[in-house]
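The values are calculated or read from the model by the stated rules, or taken from the named source; none is laboratory data. As the structure is a computational prediction, the values presented were derived from the model and not from experiment. Reconstructed Cβ throughout: ideal geometry from the backbone, glycine too, with neighbour counts over all protein chains shown.
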Amino acid sequence: MNFIFHFSLCLFPFPLTPRFGFQREVFLHLLVCLIEHLYIHIPFCPNICPYCAFYKESAGRERVETFLDALLKETGEWAKSLRPRTIFFGGGTPSALSIPQFEKLLGGLRSHLDLSALEEWTIEMNPATVAADKAALLRNAGINRISMGVQSWDDQVLKSLGRTHDADRAEESFGILRQAGFDNVSIDLIFGVPGLTLESWRSSLERSLRLAPEHLSAYGLTYEEDTEFFRKLGRGEMAPDEGLEADQFELTAEMLGHAGYLQYEVSNYSLPGRQSLHNSAYWSGKDYLGLGPSAFSTVGTRRWRNIRETGIYSDTTLNGKTAVDFEEEVTPGLKASERAAFGMRTLDGLPLAEASPWESELCGIEKEGLVHRSTDRWLLTPRGRLLADTVAEIFV
């Protein structure tokens, strides 16, 4: 899951209407450096999960074809400003595309973009949509990293999450990816799910480790507006257990740490050298371009979002108009706040030279045991990693 956008929205809410008239041609003319990080949002899902707040919709063949035409047109309009080092296909369920649809998309991207500098190309995959022929196509096309949304190895928990696969299907899918030649696979898991016991979570971690993925992401369940889980929370049908969730978080850090995985960001663990380059670019404040409906972009001093409706996005783009539905200026102060908030969640922490605007606040939470000062930077303590969102609030 590409959770970076959700976290950014929580900390830094954007206006609902445009503040500027977006003129792509003028903006492209002013660009000095090529954009190195590209996100592509593919909104189609075969099943709508009750906890997911990302923009998604059910797929219809004609609608998908029109979307691909629009996406490739939008790509072409930005092509001269792109030389990607990383590409990330998120969603939705990108892997739900058919082989002919992937051939169209991947061929179109290669015809538009200079991929000579590309280091990491990730696609999110649902275990229920993994097949040997599709995996081979993706690997042969140059995609070299998989982020697979297993979410749990407990079939009852998977059912409560609305997932269409079971644990055995997920393990089979992992094997298919290995056979296709993928040697950089991330497994996504969710803890804090009602009904998930500490022992069941331990079993999920153990089963993940037996597969030896290069990367693991472990996210605490959040109750997002406009989701079925949020409505159930409001009706009192679901309730978080913060104590159990904290135990599951701490068990994750302990078990993965003992297995040689580095907790390089609060929710992300990797074997040495297998950190996500794409997400690391977000966290360090690098420019990135987002294509497709609902996709965010931050380039220089501007941030914008595309229209959150596939049909309107497609029609607007194919008619030669901008798909942007709002834009804002990224002031130096806002950029510094974001850099500090995201940086504190990572192993790199926040350099002392960048921390001066929040020195008193950091000293205050240092007394509470949430952060500590090294020779040249502020870092989260183990307790601070558990309360990372609380720490991030001081930078808003």
Could you tell me whether Ser147 is closer than 21 Å to His258 by Cβ and of a type in the set (Gly, Ala, Ser)? no
When residues of the range 101-128 are filtered for being part of a loop (DSSP other than H, G, I, E, B), within 21 Å of the chain's Cα centre (by Cα) and among the aliphatic types (A, V, I, L, M), how many remain? 1
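Give the range 277-295 a look and list any residue that's of a type in the set (Ser, Thr, Tyr) and touching a Lys or Arg at 6+ places or on another chain (Cβ under 8 Å), or say none.
Scanning the range 277-295 gives Ser284, Ser294.
For Thr390, indicate whether it is among the β-branched types (Val, Ile, Thr), under 24 Å from Asn279 (Cα atoms) and either in a loop (DSSP other than H, G, I, E, B) or modelled with pLDDT under 95 (or both).
For Thr390, the condition - among the β-branched types (Val, Ile, Thr), under 24 Å from Asn279 (Cα atoms) and either in a loop (DSSP other than H, G, I, E, B) or modelled with pLDDT under 95 (or both) - is met.
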With the condition kept exactly as written, say whether any residue in the range 253-267 is among the hydroxyl-bearing types (Ser, Thr, Tyr), in the same structural domain as Val185 (by TED's automatic domain parsing) and either closer than 19 Å to Leu158 by Cα or modelled with pLDDT under 95 (or both). no
Are any of the residues in the range 369-383 of a type outside the set (Lys, Arg), outside the structural domain of Val185 (by TED's automatic domain parsing) and in contact with a Lys or Arg (Cβ under 7 Å, 6 or more places away or on another chain)? yes
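Confirm whether Glu74 is under 19 Å from Leu216 (Cα atoms) and in contact with a strand residue (DSSP E or B) (Cβ under 8 Å, 6 or more places away or on another chain).
Values: under 19 Å from Leu216 (Cα atoms): no; in contact with a strand residue (DSSP E or B) (Cβ under 8 Å, 6 or more places away or on another chain): yes.
Judged against the criteria, Glu74 is not a match.
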Which ones in the range 287-300 are among the polar types (S, T, N, Q) and either farther than 17 Å from Gly76 by Cβ or not in a strand (DSSP E or B) (or both)? Ser294, Thr298
Among the residues of the range 181-203, are any more than 30 Å from Asp133 (Cβ to Cβ), touching a residue at least 60 places away in the same chain (Cβ under 8 Å) and either surrounded by fewer than 16 Cβ atoms within 10 Å (Cβ to Cβ) or assigned by TED's automatic domain parsing to the domain that holds Arg139 (or both)? yes
In the range 327-348, anything assigned to a loop (DSSP other than H, G, I, E, B) and either touching a Phe, Trp or Tyr at 6+ places or on another chain (Cβ under 8 Å) or closer than 18 Å to Val371 by Cα (or both) is listed as Arg345, Leu347, Asp348
Those residues of the range 311-323 which are at pLDDT below 95 and either touching a strand residue (DSSP E or B) at 6+ places or on another chain (Cβ under 6 Å) or surrounded by 15 or more Cβ atoms within 10 Å (Cβ to Cβ) (or both), in sequence order: Thr322, Ala323
Asp133 vs. criteria modelled with pLDDT of 95 or more, farther than 23 Å from Ala323 by Cβ and either among the charged types (D, E, K, R) or assigned to a loop (DSSP other than H, G, I, E, B) (or both): yes
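Among the residues of the range 70-105, which ones are in contact with a Ser or Thr (Cβ under 6 Å, 6 or more places away or on another chain) and among the hydroxyl-bearing types (Ser, Thr, Tyr)?
Here is the first cut: in the range 70-105, the residues in contact with a Ser or Thr (Cβ under 6 Å, 6 or more places away or on another chain) are 70, 73-74, 88, 95-96.
Answer for the range 70-105, where residues must be in contact with a Ser or Thr (Cβ under 6 Å, 6 or more places away or on another chain) and among the hydroxyl-bearing types (Ser, Thr, Tyr): just Ser95.
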In the range 209-246, the residues that are more than 19 Å from Ser160 (Cβ to Cβ) and buried (at least 18 other Cβ atoms within 10 Å of the Cβ): Pro213, Glu214, His215, Leu216, Ser217
Which of the numbered conditions does Gly290 fail, given that it passes all the others? Conditions: (1) surrounded by fewer than 16 Cβ atoms within 10 Å (Cβ to Cβ); (2) in contact (Cβ under 8 Å) with a residue 24 or more places away in the chain; (3) touching a strand residue (DSSP E or B) at 6+ places or on another chain (Cβ under 9 Å). (1)
Within the set of pairs 6 or more residues apart or between chains, which connect a residue that is over 26 Å from Ala259 (Cβ atoms) inside the range 213-238 to a residue that is at pLDDT 80 or above and part of a loop (DSSP other than H, G, I, E, B) with Cβ atoms less than 6 Å apart? Met238/Pro194
